[in-house]
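For reference, the structure discussed in these notes is given below.
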Amino acid sequence: MNAKILKPSAQNIALCAEEIQKGGVVAFPTETVYGLGANVYDPLAIDRIFEVKGRPADNPLIVHVSSFWQIKNLTHSLPEKAVALAEKFMPGALTLVLNKAENVPDKVTAGLSTVAVRMPSNKIALQLIEKSGVPVAAPSANRSGTPSPTSAKHVFSDLKNKIPYILNGGQCRIGIESTVLDLSGEKPLILRTGAVSCEDIVGVIGAVGVAAGSSGAPASPGMKYRHYAPKAPLYFSAYYNAMQQSICAFYDDAQAQGKNPVILCLTTNQPLYGARQTIPMGDCFNAYAHKLYAALRSADAQKHQTIIAEGVPSEGVGAAIIDRLIKACGGNIL
Ligand code: TXA
Ligand code: MG
């Protein structure tokens with residue numbers, strides 16, 4: 001049977017909370033991307049998440065909470081830096097990796113001694129977690145490897161016959177995943193850049209390291225897999241300055257080969273590409289982030305066989321956009 005897309009009424013939120021209590025999995029909106037949630041303390045329900053997503057078992061899940069005391073119950077000890085960051089960014093798009101309490105199942109953390117926790121700011125998500133009465137383990141609600149879902153329709157297209165309910169909260173406000181910050185060791189380390197920028201974090205706790213994206217042993221297990229990828233090959237112009245010329249040349253080549261190319265670009269840059277096909281990404285980099293996954297999915301739906309993405313500067317949310325595009329393009333850097 002196909003998943004029901006539900007209006008986020010109090011009644012439907014209660015229905016989904018009941019499903020979580022019964023050991024089921026449901027999809028729900030957050031301010032970053034849609035999540036696929038289950039009771040953190042129910043190992044069979046956690047198995048089901050991995051099965052539904054087709055996710056490798058060694059990639060741990062983020063545990064979503066609706067209150068600060070739930071974080072305390074999930075962790076051994078709460079470092080001062082975690083408290084300072086929680087005061088500033090929770091609820092919000094910051095995930096903290098902390099030493100885990102014994103009762104957090106190994107399946108959730110993929111056997112690690114740490115647990116990733118996040119309090120989303122989306123009201124529907126908070127109500128669902130609260131009603132469920134337990135922390136909710138949730139990865140992004142897509143099939144592993146595809147662009148993360150930023151609308152109920154995206155979730156439906158990936159998981160339609162695998163889950164009973166999708167709570168429909170419209171389009172996710174931010175559009176890319178939370179920042180993952182590891183506070184379990186000596187030095188704070190950003191494992192995944194995201195909506196809360198490195199600069200924002202440094203402003204609260206001082207210096208932080210940023211994990212290398214791909215080389216060596218991945219610090220965040222999720223970093224070693226190809227992610228967020230559309231079906232069509234994606235080419236990413238990593239050099240922000242003077243990139244339009246090389247993009248045009250690459251586009252014209254792809255066009256000559258019958259690849260029906262398209263360029264993802266800032267709306268203000270559209271005229272620079274003349275008559276070439278573009279998907280406008282808005283007027284600022286927050287808008288670019290907000291539209292990114294939907295644009296990758298829509299380029300596939302429109303049968304483009306070459307997708308070219310404009311680069312962005314590496315400050316603020318730009319760092320997270322670059323990270324996602326690099327992982328999605330599989331080394332196709334212009
Ligand atoms: O915005 C988000 O974070 C979304 C929404 C649904 O909250 N969730 C999300 O989950 O992006 P997922 O599973 O797609 O990505 C979780 C990332 C992975 O890279 C995973 O390896 C990392 O967090 N992670 C989870 N637990 C960890 C841990 N204990 N230590 C290190 N990395 C961890
Ligand atoms: Mg994901």
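The values are calculated or read from the model by the stated rules, or taken from the named source; none is laboratory data. From a predicted model like this one, the values you see are computed outputs, not experimental measurements. Cβ: placed from backbone, ideal geometry, glycine included. Neighbour counts: every protein chain shown. Accessible surface areas use protein heavy atoms only, side chains included; no ligands, DNA or RNA. Shrake-Rupley method; radii C 1.70, N 1.55, O 1.52, S 1.80 Å.
Using +1 at the C-beta of Lys and Arg and -1 at the C-beta of Asp and Glu, which of 193, 249, 70 has the Cα lying farthest in the positive direction of the dipole of the chain?
249
Expressed as a whole number of Å, what is the distance separating the alpha-carbon centroids of region 244-289 and region 83-139?
Rounded to whole Å, the Cα centres lie 38 Å apart.
For region 37-102, I need the span (max minus min coordinate) of the C-alpha atoms along each principal axis, in Å, sorted largest to smallest.
Over region 37-102, Cα extents along the principal axes are 36, 25, 20 Å.
How large, in Å, is the chain by the Kirkwood hydrodynamic radius built from its alpha-carbon pairs? Please report the intermediate quantities before stating the final value.
Working: mean 1/r = 0.0494 Å⁻¹.
In the chain this quantity evaluates to 20.2 Å.
Once label points are set 7 Å from the Cα along Cα→Cβ at both residue 123 and residue 202, what is their separation, rounded to one decimal in nm?
Each label point lies 7 Å from its Cα, and together they span 3.6 nm.
Evaluate E = 1/(1 + (r/R0)^6) for residue 106 and residue 260, where r is the Cβ-Cβ distance and R0 equals 51 Å; express this FRET efficiency to the nearest 0.05. Before the final figure, lay out the partial values.
Working: r = 47 Å, r/R0 = 0.91.
About 0.65, to the nearest 0.05.
Would you mind checking 53/162; 4/162; 259/291; 107/187; 4/153 for any pair whose Cα atoms are more than 19 angstrom apart? Each step should come with its number before you reach the end.
Numbers: 53/162 9 Å; 4/162 11 Å; 259/291 23 Å; 107/187 26 Å; 4/153 11 Å.
Violating the 19 Å limit, Cα to Cα: 259/291; 107/187.
Going through region 8-76, which trypsin sites (Lys or Arg not before Pro) have at most 13 other Cβ atoms within 10 Å and a DSSP loop state?
Sparse-neighbourhood loop trypsin sites (Lys or Arg not before Pro): 22.
Using the charge dipole of region 1-116 (Lys, Arg: +1 at Cβ; Asp, Glu: -1 at Cβ; taken about the Cα centre), state which of 26, 6, 114 has its Cα farthest towards the positive end.
6
How big is the charge dipole of the chain about its Cα centre, in debye rounded to the nearest 20, if each Lys and Arg gets +1 on its Cβ and each Asp and Glu gets -1 on its Cβ?
Details: 31 positive and 25 negative charges, 176 e Å.
With only Lys, Arg, Asp and Glu charged at Cβ, the dipole is about 840 debye.
If eta is 0.692 mPa s and T is 37 °C, what Stokes-Einstein diffusion coefficient results for region 121-185, Kirkwood Rh from Cα pairs, in µm²/s?
Values: Rh = 13.5 Å.
Taking Rh from Cα pairs, D becomes 243 µm²/s.
Leaving ligands, DNA and RNA out of it, work out the accessible area of residue 283 with a 1.4 Å probe and give it in Å² to the nearest 10.
We get 110 Å² for residue 283.
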